[in-house]
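Note sheet for the following structure.
The values are calculated or read from the model by the stated rules, or taken from the named source; none is laboratory data. Everything numeric in this text was worked out from a predicted model, so none of it was measured. Cβ sites come from the backbone with ideal geometry, for glycine too, and all protein chains shown count toward neighbours. For accessibility, only protein heavy atoms count, side chains too; no ligands or nucleic acids. Shrake-Rupley method; radii C 1.70, N 1.55, O 1.52, S 1.80 Å.
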Amino acid sequence: KRSETDAYVFFEASMQARVQEQSRLLLELHHAVQHHEFVVYYQPLVRLVDGRFCGAEALVRWESPSRGMVSPAEFIPVAEQSGLINQIGMQVLEQAAYDTVAQIEKGMWAADFQLHVNLSARQLLSADFIDKLQDVLSRTHLPADNLTLEITESQLMSHEQLATSGLTKIRSLGIKIAIDDFGTGYSSLAYLHQMAFDSLKIDRSFVHSMTENVTNQRIIEAVVAMTRGMDVHLVAEGIETQEEAIRLREIGCHYAQGFLFAKPLPLAELPTERVTDKLPTR
Ligand code: C2E
Ligand code: MG
Ligand code: MG
Ligand code: MG
């Protein structure tokens, strides 16, 4: 009996500490939004046929005065819960759009460069999202053609109806849609066919160790087979070895992203157009 009480007291104390930490984090996030403390890193997207650096994913980092560089895994969930993701997401999009326009103007990035920006379901479901999106494009002069918005398969699955109409509106602006972390959200083939999207990003968990794990490789092969004739770009996430890149290319995957080519980096540290030394030509 005694120890039960002690355990309870301990549990209550640690719960309270967690709640306190979460509310401190939320308070600091509000401050961060007001003071634009977010920075955008970029991770190259590589075309597997020739190793061309043909796009990049914008990945947010929080440069907190008190915490240092904070990774999205630590603050995105709180931002989503509180709704702050709406403002954070817009700040990321705007910064990334300005950067992309400038890089293309300087001739650093090709005219058809694809900027990928992550989108949370919360943003997609907010009433003024489409207006804000159009507003950013016109202010930054980023052509809709250069933009792909990524949304995770699991977020789409939990807001099916609304999300589907949101995606259709986005695509009517000429912006492309990528389904992120594909394979972790249990969507059916029938469901997939009625969705409006342009690329599928195969989740890192299937790519990781695919060269040792036959099951993972078979899953990727199935995705390739399933999307044949669907006019969909297949992107593999989380490529860490040259062997994985070569296998993926053989299987028929079009694009890849991963530490093999580059980690997410500040704009100034990105590699220039070709990253072919990581990928033997055929
Ligand atoms: P994601 O969109 O699936 O982004 C890919 C994540 O995988 C990135 O983590 C990237 O650093 C990591 N990654 C890429 N290649 C490799 C690899 O070869 N090996 C390993 N181990 N990891 C790799 P990051 O930057 O920490 O972002 C985590 C997640 O946070 C993102 O997953 C995305 O869901 C979310 N996120 C990031 N930026 C934003 C944003 O601006 N808005 C929203 N809504 N979510 C964001
Ligand atoms: Mg993503
Ligand atoms: Mg992903
Ligand atoms: Mg992910």
*What net charge do the residues around SER14 carry, taking every other residue with its C-beta under 15 Å from that of SER14, with Lys and Arg at +1 and Asp and Glu at -1?*
-2
*Would you please give the FRET efficiency between ALA127 and HIS193, computed as 1/(1 + (r/R0)^6) with r the Cβ-Cβ distance and R0 = 25 Å, to the nearest 0.05?*
0.30
*Pop out the ³J(HN,Hα) list for region 74-91 in order, Karplus 6.51 cos²θ - 1.76 cosθ + 1.60 with θ = phi - 60°, rounded to Hz; leave Gly and Pro as x.*
7, 10, 4, x, 5, 5, 5, 4, 8, x, 4, 4, 4, 6, 4, x, 5, 5
*Protein chains only, probe 1.4 Å: how do HIS141, HIS116 rank by accessible area, largest first?*
HIS141, HIS116
*When all protein chains stay in place, what accessible area (Å², nearest 10, 1.4 Å probe) is found for LYS106?*
140 Å²
*Say R0 is 41 Å: what FRET efficiency, to the nearest 0.05, do ARG139 and VAL9 get from their beta-carbon distance?*
0.15
*Under the rule of -39500 (n - 2.57) per DSSP H run of 4 or more residues, summed and divided by the residues of the chain, what mean residue ellipticity at 222 nm is obtained, to the nearest 500 deg cm²/dmol?*
-15000 deg cm²/dmol
*Once you put a point 7 Å from the Cα of GLN22 and another 7 Å from the Cα of MET157, both along the Cβ direction, what distance in nm separates them?*
2.4 nm
*With every protein chain present, what is the per residue accessible area of the chain (1.4 Å probe, Å²)?*
51 Å²
*asked:* Straight-line reach from LYS201: which lysines fall under 27 Å, measuring Cα to Cα and dropping same-chain residues less than 8 apart?
replied: LYS132, LYS169, LYS176, LYS263, LYS278
*Where does each of TYR8, TYR98, TYR191, TYR186 land when they are ordered by accessible area, with a 1.4 Å probe and the largest first?*
TYR186, TYR8, TYR98, TYR191
*Whenever you get a sec, compute what percent of the accessible area on the chain sits on carbon and sulfur atoms (1.4 Å probe).*
53 percent
*MET157 accessible area, 1.4 Å probe, all protein chains in place, Å² to nearest 10*: 60 Å²
*asked:* As a test question: what accessible area, to the nearest 10 Å², does TYR255 have when a 1.4 Å probe is rolled over all protein chains in place?
replied: 40 Å²
_Heavy-atom SASA rank of LYS278, LYS201 (probe 1.4 Å, accessible area, largest first)_ = LYS278, LYS201
*How long is the gain from SER165 to ASN213 if the chain were fully straight, where each residue apart is worth 0.36 nm and the alpha carbon distance is subtracted?*
13.5 nm
